[in-house]
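In what follows, a single structure is set out as structure tokens and then discussed.
All of the numbers you see were taken from the coordinates with simple rules; none came from a lab. Remember, it's a predicted structure, so these values are computed and weren't measured experimentally. Quick reminder, even Gly has a Cβ in these numbers, built from the backbone with ideal geometry, and neighbours come from all protein chains shown.
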Amino acid sequence: MKEYIKTAIKMTTNIGTTGAISEFSRFVEKEITQYVHSDKMQIIVEFGGGHGNMTRAILERMHADSLLFTFEIHDEFIPILAEIKDKRLAIIHASATEVLKYVAPNSVDFLISTLPLNIIPKEIREDILQNGALSLKNKGFFSQALYIKRKEMMLQHFQTCTIVPTINFPFAFVHHCYNEKQSL
Ligand SMILES: C[S@@+](CC[C@H](N)C(=O)[O-])C[C@H]1O[C@@H](n2cnc3c(N)ncnc32)[C@H](O)[C@@H]1O
């Protein structure tokens, strides 16, 4: 509880970049990590590591040979993420717009994002969604938690998008999206 309050204070103090008053709930964690597989190796990317709650949930679920690249832009959150000691995790102190500098196009199995896309300027948001979509393999999932439904926005970058309302405060909507890419 003490940790939760500390995180909530940091999130609220930095609301301009976090777009949140607290970390996402366990229900959101469970919903958004559902395409993390424990029985097969995957390349997983996370956008917006924050204090690492989702990062830890992904690491708990993922296969021993899988790799997780977690992007976080906020200086103050990097040392907190660095407390997570796991050789499968690479913490990238950079914007999610830079994803293709760290992973190859069509290489990512699953991309999980808790970025506050609603408050990120449109040009940057479009860059994030476009580069995120390019990083994914054929039928690789992009799962994004938001406080409002943004299906139209997602359909600009993904052919398929379903939205799952999920318990959280404030209420959250997990968007699960993917593309069928032509074989390379
Ligand atoms: C709503 S918080 C989510 C934190 C945590 N993952 C959770 O589930 O509660 C969004 C996080 O995205 C980070 N962020 C915002 N813009 C970013 C960007 N362009 N690239 C990478 N991280 C960004 C913020 O600093 C913040 O830590």
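Points to keep in mind about this one:
- Net charge dipole size for region 25-178 [Lys, Arg +1 and Asp, Glu -1 on Cβ; Debye, nearest 20]: 400 debye
- FRET efficiency, 1/(1 + (r/R0)^6) with R0 22 Å, evaluated for residue 86 and residue 156 via beta carbons: 0.05
- Relative contact order of region 25-178, taken over Cα pairs closer than 8 Å and 6 or more residues apart, is 23 percent.
- Taking region 81-139 and dividing mean pair separation by its residue count, relative contact order in percent (alpha carbons under 8 Å, at least six apart): 48 percent
- Of the trypsin sites (Lys or Arg not before Pro) found in region 128-159, the ones in coil according to DSSP and having at most 15 other Cβ atoms within 10 Å of their Cβ are 149.
- Within-13-Å neighbourhood charge of residue 98 [Cβ basis; K, R +1; D, E -1]: -1
- Amide H to amide H, with H built 1.01 Å from N, residue 110 comes under 5 Å of 43, 45, counting only residues 5 or more places away or on other chains.
- Segment residue 65..residue 30, full-extension length gain: 10.5 nm, with 0.36 nm per residue of separation and the alpha-carbon distance subtracted.
- Top of 50, 19, 132 by mean-square fluctuation, Gaussian network on the chain, Cα under 10 Å: 19
- Residue-count net charge about residue 114 - beta-carbon cut-off 15 Å; Lys, Arg +1, Asp, Glu -1: +1
- Each peptide in 36-45, 53-62 gets a packing score, the mean of other Cβ atoms within 10 Å over its residues, and the list from highest to lowest is 53-62, 36-45.
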